[in-house]
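Trainee: Okay, here's the structure, questions in a sec.
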Amino acid sequence: MTLAVDQGKVTFIRGLHNLQAFDQRSVVTIGSFDGVHLGHQAILQQVKTMSAAMGLPSVVMTFEPQPQEYFSGEKAPARLMRLREKIDALLEFGIDRVVCLQFNRALRNLTASEFIYQVLVDGLTIKHLIVGDDFRFGCDRSGDFKMLAEFGKRCDFDVQDTKTIEIDNERVSSTRVRDILQQADFGRASQLLGRPFSIKGRVVYGQQVGRTLGFPTANVQLNRYSAPLAGVYAVLVDIDGVSYQGAANVGVRPTVGDLVKPILEVHLLDFNGDLYGQRIEVEFMHKIRDEAKFTTLEKLVENIQRDVEQIRAWFAGA
């Protein structure tokens, strides 16, 4: 995924070398934007408003991997969404262009001034930058809001700080959303996200363990060492605009013991068909139990049957 074009306009740019796609000044914000929650949306609205006022493209710059993942590796916090989901959410919000830079040693070693000149001025050709007043950058983290404002005077761009969004006296953040998801409080998570929490992805071929046990599943790879939630859930699965009830497991299948990274497995309650290769959206509704390791496959099957019965009952009473 390098360049995406929508009606003749580049909407997604990947890599510093592709920034020549910018042929005019821009209104920019920078961040991980994991989850694109209401706090992020407030920043995006600031960008859109200024973009409209100045008659310039609105741009979000993000990173892959996310900086925390680069520095922390397997210990990094679980992602709320994958890169494709994030790009889709940003563009659907009305941002003109999304730029994704690979967070690697070369980018990490840029000094604060090199980052400003190479990425912001020469690359993004910024006219207006919107970031938090606690934004830090550069190899020694010497770059800050004050430095940006000073360079802006020399390089003809303005710098504006962002708004902090609170709901019920609680700051909206990706960390807080993760905490709430771990508590399986999906109503509260929806409040902070501005939409129900879901995972989107393409159904891939698995080991067909569920099929051999009598419960075929649609498997979606999460491609991370941790997920924002784990266990068995009642879910709604959107397939081409049609919603189906389902039972989902997020985890590493400890009874089978064949996984290191968690996977999303969904058993649709009343569906017959081949989903391989299709993109689905799984909305989490209610937690049934934590993932558990059973002594035999027979006991695993018994618990899956019990899970499905509980989920049918939950939907019947929901």
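The values are calculated or read from the model by the stated rules, or taken from the named source; none is laboratory data. Remember, predicted model here, so these are calculated numbers, not experimental data. We place every Cβ from the backbone using ideal geometry, glycine too, and count neighbours over all the protein chains shown.
Trainee: List the strands (runs of 3 or more DSSP E) that sit entirely inside segment 239-313 and contain at least 2 residues that are of a type in the set (S, T, N, Q) and assigned by TED's automatic domain parsing to the domain that holds residue 223.
Mentor: Hits in segment 239-313: 242-251.
Here's the yes/no breakdown for (1) assigned to a helix (DSSP H, G or I); (2) touching a residue at least 24 places away in the same chain (Cβ under 8 Å); (3) under 18 Å from the mean Cα position of the chain (by Cα):
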| residue | (1), (2), (3) |
| --- | --- |
| 13 | no, yes, yes |
| 24 | no, yes, no |
| 59 | no, yes, yes |
| 70 | yes, yes, yes |
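Trainee: Residue check, residue 147 against (1) touching a residue at least 40 places away in the same chain (Cβ under 8 Å); (2) surrounded by 14 or more Cβ atoms within 10 Å (Cβ to Cβ), all met but one. Which one?
Mentor: (1)
Trainee: Within segment 268-302, can you find the residues that are out of contact with any strand residue (DSSP E or B) (no Cβ under 8 Å at 6 or more places or on another chain) and not basic (Lys, Arg)?
Mentor: 272, 273, 274, 292, 294, 295, 296, 297, 298, 300, 301, 302
Trainee: Can you name every residue in segment 234-267 that is closer than 18 Å to residue 85 by Cβ and surrounded by 15 or more Cβ atoms within 10 Å (Cβ to Cβ)? Before you say what the answer is, go through the steps one by one.
Mentor: The initial filter retains those residues of segment 234-267 that are closer than 18 Å to residue 85 by Cβ, namely 235-241, 248, 250, 261-264, 266.
Within segment 234-267, 235, 236, 237, 238, 239, 248, 250, 262, 263, 264, 266 meet the criteria.
Trainee: Applying the selection to segment 90-111, what residues are among the small types (Gly, Ala, Ser) and modelled with pLDDT of 95 or more?
Mentor: The one that is among the small types (Gly, Ala, Ser) and modelled with pLDDT of 95 or more: 94.
Quick grid of which residues meet (1) farther than 20 Å from residue 85 by Cβ; (2) small (Gly, Ala, Ser):
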residue: 16; (1), (2): yes, no
residue: 19; (1), (2): yes, no
residue: 26; (1), (2): yes, yes
residue: 29; (1), (2): no, no
residue: 37; (1), (2): no, no
residue: 43; (1), (2): no, no
residue: 46; (1), (2): yes, no
residue: 58; (1), (2): no, yes
residue: 67; (1), (2): no, no
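Trainee: In the set 24, 66, which member is crowded, with 20+ Cβ neighbours inside 10 Å, modelled with pLDDT under 95 and not charged (D, E, K, R)?
Mentor: Just one listed residue meets the conditions, 66.
Trainee: So which pairs qualify, if the first residue must be in segment 167-181 and without any contact (Cβ under 8 Å) to a residue 60 or more places away in the chain, the second must be among the acidic types (Asp, Glu), the Cβ gap must be under 8 Å, and the two must be at least 6 apart or on different chains?
Mentor: 176/170
Trainee: For segment 182-200, give me the residue count where each residue is surrounded by 15 or more Cβ atoms within 10 Å (Cβ to Cβ), touching a strand residue (DSSP E or B) at 6+ places or on another chain (Cβ under 8 Å) and on the phi < 0 side of the Ramachandran plot.
Mentor: Within segment 182-200, residues that are surrounded by 15 or more Cβ atoms within 10 Å (Cβ to Cβ), touching a strand residue (DSSP E or B) at 6+ places or on another chain (Cβ under 8 Å) and on the phi < 0 side of the Ramachandran plot number 7.
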